Amino acid sequence: MAMPPIQFDRASGALEGANLWERTAALALATGSKISSHFSHRGYNGCANLLRKTLPERDIAIKLNSDATFAFPYGDGYWSKLLNRSFSYENELELLFRDSADVDYTLLDCGANYGYWSVLVSSKPFGSHKAIAIEPSAQNFPKLANNARINGSRFEAMKCAIGAARGTARLSGTKHEAFSIAGDQSGGEEVPVLALDNLLDDGKVAANGKFLIKLDVEGVEIEAMKGGARLLQGDSVILCEEHGNDPQHTVSRYILEQTPLKLIVYDPRSRRMETVTELSILDRIKVSTHVGYNVFGTASAFWQDRINALNANPARRMQ
């Protein structure tokens, strides 16, 4: 029988249900995140995963806010940074999600992994939004489904990949946060593929809705955008990862040069969402080759007005 999860409250720092060694590990994981944050957490994942091998196999359930609990295997290198209470995961996304709490939108969480953003966006402090969490991996999906369950089954989990068209593909990779259907298709797990516009065809979402579309699909961003042309014509914002090791800024270049979408990026220097007309701004923003940077694309006047209002209010940007 599985051990019950350790409980950690990010607001108070309370850690419950852990033995002495697990408490010591929590301190090491939090301290390691604080130290490695000065160099974009380089090396943290590997060190944490080594430590994980010394720990009993059990989950940790982290209380993200009063209405959001996120569980993952204790010691996981990618997610254990959350034990560092000063760590903020993907600031620019949280900024937009927080500011959009009063908007009636649906989150399409593509490449959801264990469902962090679906858990958070469907919580009361973020507006209790509808979310559809889409994850192809047979390894990740049970953890995603568990996070839906422990949060009252308030968001839907779908086991499939997102691509240019409906079909099947091979999913491969060695890190749970970086599984991909891009590249060599000879091995790996066979997974169903949906295009974003198939969600319209299948009645999962309505064409007149408002959407924030998180696209964390590990090298298939452009194909996914091609498969969502109708959805992206409406009141949608696509939130894409720009890889730090890509000096050509391939995803942003595609949005800027090949789509009708406005390209927007959060600039840490100005603390504003800047509309990009020249890709050289990304040379300055993308300072670490081993991390991803989020860029936004939208053709929606509604969402452009919301982003302009966010920029005009320094208090909202500093939350």
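Tabulated results
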read-out: Accessible area in square angstrom per residue, the stretch 69-117, 1.4 angstrom probe; value: 25 Å²
read-out: Under 29 Å from Lys130, Cα to Cα: lysines that are on another chain or at least 8 residues apart; value: Lys63, Lys81, Lys143, Lys159, Lys175, Lys204, Lys210, Lys214, Lys226, Lys262
read-out: Accessible area per residue in Å² at 1.4 Å probe, computed on the stretch 118-160; value: 36 Å²
read-out: Per-peptide average of other Cβ atoms within 10 Å, ordering 222-233, 280-291, 168-179, 109-120 highest first; value: 109-120, 222-233, 168-179, 280-291
read-out: Per-residue [θ]222 nm for the chain (sum of -39500 (n - 2.57) over DSSP H runs n ≥ 4, rounded to 500); value: -8000 deg cm²/dmol
read-out: Leading residue at positive end of dipole, the chain (Cβ point charges), from Gly292, Leu27, Phe39; value: Leu27
read-out: Tilt relative to the chain, helix 301-312 - C-alpha long axis, 0 to 90 degrees, to 10; value: 60 degrees
read-out: Label point 7 Å beyond Cα of Arg271 along Cβ direction - residues of the stretch 71-102 with amide nitrogen under 14 Å; value: 92, 95
read-out: Total charge dipole magnitude, the stretch 60-149, about the Cα centre, Cβ charges on Lys, Arg, Asp, Glu only, Debye to nearest 20; value: 380 debye
read-out: Cβ-placed point charges (K, R +1; D, E -1), dipole of the chain about Cα centre in debye, nearest 20; value: 820 debye
read-out: Coordinate range along principal axes, alpha carbons of the chain, Å, largest first; value: 56, 45, 37
read-out: Kirkwood Rh, angstrom, the stretch 202-260 [1 / mean 1/r, Cα pairs]; value: 12.4 Å
read-out: Charge dipole magnitude, Cβ of K and R +1, D and E -1 - the stretch 1-106, Cα centre, debye nearest 20; value: 640 debye
read-out: Solvent-accessible area per residue for the stretch 176-319 (1.4 angstrom probe, square angstrom); value: 46 Å²
read-out: Mean separation of Cα contacts under 8 Å (6+ apart) over length of the chain, as relative contact order %; value: 12 percent
read-out: Protein accessible area in the chain, 1.4 Å probe - carbon and sulfur %; value: 51 percent
read-out: Amide proton proximity set for Ser300, modelled H, under 5 Å, gap of 5+; value: Ser236
read-out: 0 to 90° range, to nearest 10: angle between helix 141-150 axis and the chain longest Cα axis; value: 80 degrees
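The values are calculated or read from the model by the stated rules, or taken from the named source; none is laboratory data. Everything numeric here is computed off the predicted structure, so don't read it as measured data. Using ideal geometry, Cβ is built from the backbone for each residue, glycine included, and neighbour counts are taken over all protein chains shown. Please note that ligands, DNA and RNA were not included when accessible areas were found on the heavy atoms of the full protein model with its side chains. Shrake-Rupley method; radii C 1.70, N 1.55, O 1.52, S 1.80 Å.
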